[in-house]
Amino acid sequence: MSPVTTLGEVADRFGLALSGEPAVAIRGVATLRAAGPDQLTFLANPAYRAQLPTTRAAAVVLHEADRDSAPGAVLVSRNPYADFARIAALFEPPVPRHPGVHETAVIDPDAVVEDGASIGAHTSVGPRSRIARGAIIGPGCVVGEDCIVGEGSELVARVTLVRRVRLGRRVRVHPGAVLGADGFGIAMDQGAWVKVPQLGGVVVGDDCEIGANTTIDRGALDDTILEEDVRLDNQIQIGHNVIIGAHTAIAGCAAVAGSTRIGRWCLIGGGAGIVGHIEICDRVTINAMSMVSHSIREPGTYASGTALQENDQWRRNAARLRRLDEFVRRVNARLNPRNEP
Amino acid sequence: MSPVTTLGEVADRFGLALSGEPAVAIRGVATLRAAGPDQLTFLANPAYRAQLPTTRAAAVVLHEADRDSAPGAVLVSRNPYADFARIAALFEPPVPRHPGVHETAVIDPDAVVEDGASIGAHTSVGPRSRIARGAIIGPGCVVGEDCIVGEGSELVARVTLVRRVRLGRRVRVHPGAVLGADGFGIAMDQGAWVKVPQLGGVVVGDDCEIGANTTIDRGALDDTILEEDVRLDNQIQIGHNVIIGAHTAIAGCAAVAGSTRIGRWCLIGGGAGIVGHIEICDRVTINAMSMVSHSIREPGTYASGTALQENDQWRRNAARLRRLDEFVRRVNARLNPRNEP
Amino acid sequence: MSPVTTLGEVADRFGLALSGEPAVAIRGVATLRAAGPDQLTFLANPAYRAQLPTTRAAAVVLHEADRDSAPGAVLVSRNPYADFARIAALFEPPVPRHPGVHETAVIDPDAVVEDGASIGAHTSVGPRSRIARGAIIGPGCVVGEDCIVGEGSELVARVTLVRRVRLGRRVRVHPGAVLGADGFGIAMDQGAWVKVPQLGGVVVGDDCEIGANTTIDRGALDDTILEEDVRLDNQIQIGHNVIIGAHTAIAGCAAVAGSTRIGRWCLIGGGAGIVGHIEICDRVTINAMSMVSHSIREPGTYASGTALQENDQWRRNAARLRRLDEFVRRVNARLNPRNEP
């Protein structure tokens, strides 16, 4: 039932140098350890290099430098992970979606569903929203007012676009994501909170991907913006009026507070937090669970936090850290009694 | 199509001192930088003061102290952010909702939907639940058993009230939020977990707001409680039997573990974590991503964590921190060989 | 309306030694502080021992060691919390669910719903998926392609099983959870991201529980696996190809990155983060908000982070920590000028 190809066809199609028998049938892809003689595998992360000599795979997509360690056929690539990704896509055919509006969907009379779009069961589309041709709205989605879902974009299932959310082309949004909810704007006045209206929207560029249960609030006055090819993992929170540059990727559970601007080609680690109203330049990497509390103006890798320890050791060190300033002052006074440099 | 007012009407309606021409038409609001000559803007955060002299806005809502730096008309306010919030609300008219039950909604025969309530598409309301007059249940919501949605409250879309959730008046719950799910109660017995039933409910006071994908578990025996005017941002987790005092605001991705009690007028920063079974007094501020591991009995601002650094520096410091206790002991022994104080 | 039992029946049914009058009627359960004369309560956490002498409860489930401090009847247990959990379950009768498919549900012709399963309102079940006998699919759920919901399992409401998700028996999944979404696999090539297909699935063992708005991604090539009796709280993120051992419990907002393997009987604290591609052995406890950045090979308790402090103190210590390595080097040079050990 799976698609079938051959080593030779793969080499031709993706422009890879094959060392091996072109006629060998390929019926799937698998890990180095699990692949059988009709499956392709790959080696990109050096941590798995030890598994290369014993793989039973039909062929391994790998760097030139690793080819001599392979036990059989190889496909040499300058970027084995990316080439393997393209090959693997042959073996996950898209789920067939029937164009048209499911009979249980509720489409506002002032909404537009273009020809060739697919609207799933139990979905609603609000006034002045437009679903472009080739777009897929999966089951259980809610598209509110004044939204656009661009050509070839997909809301997988149970996605909410609240209001004024404009998705570009080929954007993919995973279940449970909420785009365009009210930003968290509140003003204290005489002991109680006053809600600040959130009059902006959310703009998402072409080829962005947004993970499950991620939330992107709409802007207070201007829009919240993701440029093209931004990749967000699950459970990320993006505050109102944030701007994220093209090709930046953010791992799960990270959060960006309001009005912060992140550059292009940044990598934000899982669980990292970025405070509001700052700027991060292009090509910055933030380690997992770090907190960014000020602007970053130089490309590079940044971190905060402390290393994991056995709990009793941790407690002793944490107790010392609580008094570190006092300790440093005391030591400095003893070593530099006359305050020499 | 936008509402239109004048500077004079705004000044009168909100009790602000106008310095400028009352007849000027106002068609919207915008930031200092973006506002045009028919838009109002404001200055509250000093970080944006440099943008004041060049704004093109029709008028600026600002503090008395800033009025001389404004290039044109001003509306002087003791609280510019709150007054601007009230003005801005003129320009986001509520989405019209039709009272009544959508034909695709499923209402249990033992549920009550009062006159003037609006029940959206693909929503279900369970037995013994009551939707009060003027309440709005948006599309895709699930209201389970024994819930109350009070007058003028709104479940925006795809909200779940699982069981025994009672919302006061004018409560707003954003998409993806789950209130009243089982608290995380498990007891280990002979190597396996026994589930602890969660027999309580959730009580939410008047004027609370609950963000997208936030979760508030129902209590194990007593209820989980939010007093009035509590403001929760997105992706917050509130454990069973937590009590949160009135007017407390919590930023995105923060979490409060079970049975903890938080006072009134507290501000909890984004990503902060608060352990279970502790108490935090009124008027406490917790910085973003801090961890609160013990009760706090004095108002003030608290923090934990470490500052962001370039990664190589961070690694060196983190390695030293792992052995800080040992280092302090060694230094103390050298500087105080006879253990003098 | 509540169920009624007697002290004697409870003692018999759960094998507890009763000291008190067996005929006393029991109409519910409550905390030590709130319980009235027709309610049972329990004492397991020593922090609440001070409330024991004044409880008005009909009887207290407690350890032998506490019995003499009780003011009235007691049920002596070797594990009071677990026994109380079992007793309390008598007072939360399951919500009645009608077997059969709700008229608003949409079932693919190639899906199988076994006799005795219950499919709620506004739910959809995709091709080649199977809902086993006695399983409950609550309202607003989406079950995609090639999924299995095992006997007696329950999707409470608004749960999404995206693709290739196989749940064992008696699994309970809370609202907003998303299982089987695409893992976060992306490869950078010539300045843009290439999506890595996620060809695996998710396998969840018998008796697991999965909290509200938790996300578990499907594997890239192999499956993501939870062994039996794994308990996940709310808003947890489990990356692709993670394996979690039996009887492990994870508290709210924790996250596990891809391809990491966690052992059995582990306890992961709230907000903890575990990086990808590592292994954690059996019986490891991770404190709340700790970050695990390397494999753990010894059972025990581990922590990272710093203690909470008043903000001004925190700032001074954090500033010193930023230069800790430099300080240690300087002190060592002064105390060991000839580099003695």
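The values are calculated or read from the model by the stated rules, or taken from the named source; none is laboratory data. Remember, predicted model here, so these are calculated numbers, not experimental data. Every residue, glycine among them, receives a Cβ derived from its backbone with ideal geometry; neighbour counts consider all protein chains shown.
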Practice task
Determine, yes or no, whether B:V101 is without any contact (Cβ under 8 Å) to a residue 40 or more places away in the chain, of a type in the set (A, V, I, L, M, F, W, C) and within 18 Å of B:G150 (Cα to Cα).
Solution key: yes
Completion exercise
The lone condition B:G176 fails out of (1) outside any loop (DSSP other than H, G, I, E, B); (2) closer than 17 Å to A:V162 by Cβ is (1)
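Kindly provide the set of residues from the stretch A:44-54 that are in contact with a Pro (Cβ under 9 Å, 6 or more places away or on another chain) and within 13 Å of chain C (Cβ to nearest Cβ), ordered by number. Can you show your working first?
In the first step, residues of the stretch A:44-54 are kept if they are in contact with a Pro (Cβ under 9 Å, 6 or more places away or on another chain); the result is A:44, A:52-54.
Listed by number, the list holds a single entry, A:A44.
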Exercise for the section: Filter the stretch B:260-274 down to residues that are surrounded by 24 or more Cβ atoms within 10 Å (Cβ to Cβ) and over 12 Å from the mean Cα position of the chain (by Cα) and give me whichever is nearest to B:A303 (Cα to Cα). Expected result: B:A272
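Just to be sure, is A:A257 surrounded by 23 or more Cβ atoms within 10 Å (Cβ to Cβ) and either touching a His at 6+ places or on another chain (Cβ under 9 Å) or in contact (Cβ under 8 Å) with a residue 12 or more places away in the chain (or both)?
On the way: surrounded by 23 or more Cβ atoms within 10 Å (Cβ to Cβ): yes; either touching a His at 6+ places or on another chain (Cβ under 9 Å) or in contact (Cβ under 8 Å) with a residue 12 or more places away in the chain (or both): yes.
Answer is yes for this residue.
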Handout entry: Hey, C:R128 over 28 Å from A:P96 (Cα atoms) and among the basic types (K, R) or not
Key = no
Exercise for the section: Give the residues of the stretch B:224-248 that are touching a residue at least 40 places away in the same chain (Cβ under 8 Å) and under 17 Å from B:G180 (Cβ atoms), sorted by residue number. Expected result: B:T224, B:G239, B:H240, B:N241
Fill in the blank from the handout: Of the listed residues (B:I250, B:I296), the one being touching a Leu at 6+ places or on another chain (Cβ under 6 Å), buried (at least 20 other Cβ atoms within 10 Å of the Cβ) and more than 25 Å from A:R330 (Cα to Cα) is B:I250
Handout entry: strands (runs of 3 or more DSSP E) contained in the stretch C:1-116 and holding at least 1 residues touching a helix residue (DSSP H, G or I) at 6+ places or on another chain (Cβ under 6 Å) and over 17 Å from B:A220 (Cβ atoms)
Key = C:17-19, C:59-62, C:73-76
Exercise for the section: Could you figure out which of (1) in contact (Cβ under 8 Å) with a residue 60 or more places away in the chain; (2) surrounded by 24 or more Cβ atoms within 10 Å (Cβ to Cβ); (3) within 14 Å of chain C (Cβ to nearest Cβ) isn't true of A:P93? Expected result: (2)
Practice task
Test C:G8 against the stated conditions and say whether it is under 10 Å from C:A59 (Cα atoms) and of a type outside the set (S, T, N, Q).
Solution key: no
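Return the residues of the stretch B:261-285 that are of a type in the set (V, I, T) and more than 16 Å from C:G271 (Cα to Cα); say none if nothing qualifies.
The initial filter retains those residues of the stretch B:261-285 that are of a type in the set (V, I, T), namely B:262, B:268, B:274-275, B:278, B:280, B:284-285.
Residues satisfying the conditions are B:I262, B:I278, B:I280, B:V284, B:T285.
Look through B:A47, B:A30, B:A23 and report the one residue that is among the small types (G, A, S) and more than 27 Å from the chain's Cα centre (by Cα).
Numbers: B:A47 fails: more than 27 Å from the chain's Cα centre (by Cα); B:A30 fails: more than 27 Å from the chain's Cα centre (by Cα).
The match here is B:A23.
When residues of the stretch B:186-211 are filtered for being polar (S, T, N, Q) and part of a strand (DSSP E or B), how many remain?
First, the residues of the stretch B:186-211 that are polar (S, T, N, Q): B:190, B:198.
After this cut, where a residue has to be part of a strand (DSSP E or B) as well, the list is none.
Going through the stretch B:186-211 one residue at a time, the tally reaches 0.
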Exercise for the section: Check whether at least one residue in the stretch A:132-151 is in contact with a Ser or Thr (Cβ under 7 Å, 6 or more places away or on another chain), surrounded by fewer than 21 Cβ atoms within 10 Å (Cβ to Cβ) and modelled with pLDDT under 95, and report yes or no. Expected result: no
Practice task
Go through (1) surrounded by fewer than 21 Cβ atoms within 10 Å (Cβ to Cβ); (2) modelled with pLDDT under 95 one by one and return the number of the condition A:L221 breaks.
Solution key: (1)
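Table: residues versus (1) at the interface with chain B (Cβ under 10 Å from one of its Cβ atoms); (2) under 35 Å from the mean Cα position of the chain (by Cα).
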{"position": "A:S290", "(1), (2)": "yes, yes"}
{"position": "A:E298", "(1), (2)": "yes, yes"}
{"position": "A:Y302", "(1), (2)": "yes, yes"}
{"position": "A:N311", "(1), (2)": "no, yes"}
{"position": "A:W314", "(1), (2)": "yes, yes"}
{"position": "A:A319", "(1), (2)": "yes, no"}
{"position": "A:R329", "(1), (2)": "no, no"}
{"position": "A:N332", "(1), (2)": "no, no"}
Exercise for the section: Out of the residues in the stretch C:224-240 that are among the polar types (S, T, N, Q) and either under 16 Å from C:R261 (Cα atoms) or surrounded by fewer than 24 Cβ atoms within 10 Å (Cβ to Cβ) (or both), state the one that is farthest from the other protein chains (Cβ to nearest Cβ). Expected result: C:T224
Problem - Some residue of the stretch B:204-215 being among the small types (G, A, S), surrounded by fewer than 24 Cβ atoms within 10 Å (Cβ to Cβ) and either under 26 Å from C:V29 (Cβ atoms) or in the same structural domain as B:S295 (by TED's automatic domain parsing) (or both) - result: yes
Handout entry: Number of positions in the stretch C:180-215 that are facing chain A (nearest Cβ under 9 Å) and among the aliphatic types (A, V, I, L, M)
Key = 8
Exercise for the section: Taking C:R170 as the residue in question, decide whether it is more than 10 Å from chain A (Cβ to nearest Cβ), part of a loop (DSSP other than H, G, I, E, B) and of a type outside the set (S, T, Y). Expected result: yes
Exercise for the section: Return the total of residues in the stretch B:15-37 being surrounded by fewer than 16 Cβ atoms within 10 Å (Cβ to Cβ), within 30 Å of A:T224 (Cα to Cα) and not small (G, A, S). Expected result: 2
Exercise for the section: Go through the residues of the stretch B:24-36 one by one and say whether even a single one is touching a residue at least 60 places away in the same chain (Cβ under 8 Å) and hydrophobic (A, V, I, L, M, F, W, C). Expected result: yes
Exercise for the section: Determine if the stretch C:180-190 includes at least one residue that is over 20 Å from A:G269 (Cβ atoms) and in contact with a helix residue (DSSP H, G or I) (Cβ under 6 Å, 6 or more places away or on another chain). Expected result: yes
Fill in the blank from the handout: A careful count of residues in the stretch B:6-48 that are closer than 14 Å to B:F84 by Cβ and hydroxyl-bearing (S, T, Y) gives 3
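Restrict the check to the stretch B:326-334 and report whether at least one residue is acidic (D, E), at pLDDT 95 or above and under 24 Å from C:Y48 (Cα atoms).
Pass one, the stretch B:326-334, residues acidic (D, E): B:326.
Filter once more, so that each one left must be at pLDDT 95 or above: B:326.
With under 24 Å from C:Y48 (Cα atoms) added as a condition, the list becomes none.
No - not one qualifying residue is present in the stretch B:326-334.
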Exercise for the section: Report, by residue number, each residue of the stretch B:126-150 that is among the aliphatic types (A, V, I, L, M), more than 10 Å from every other protein chain (Cβ to nearest Cβ) and not in a loop (DSSP other than H, G, I, E, B). Expected result: B:I131, B:I136, B:I137, B:I148, B:V149
Handout entry: Residue within the stretch C:159-173 that is free of Cβ contacts under 8 Å to residues at least 40 places away in the same chain, surrounded by 24 or more Cβ atoms within 10 Å (Cβ to Cβ), farther than 21 Å from C:A254 by Cα and β-branched (V, I, T) present
Key = no
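Can we say A:A251 is touching a strand residue (DSSP E or B) at 6+ places or on another chain (Cβ under 7 Å), free of Cβ contacts under 8 Å to residues at least 24 places away in the same chain and on the phi < 0 side of the Ramachandran plot? Talk me through it step by step, then tell me what you get.
On the way: touching a strand residue (DSSP E or B) at 6+ places or on another chain (Cβ under 7 Å): yes; free of Cβ contacts under 8 Å to residues at least 24 places away in the same chain: no; on the phi < 0 side of the Ramachandran plot: yes.
Taking the combined requirement at face value, the residue does not satisfy it.
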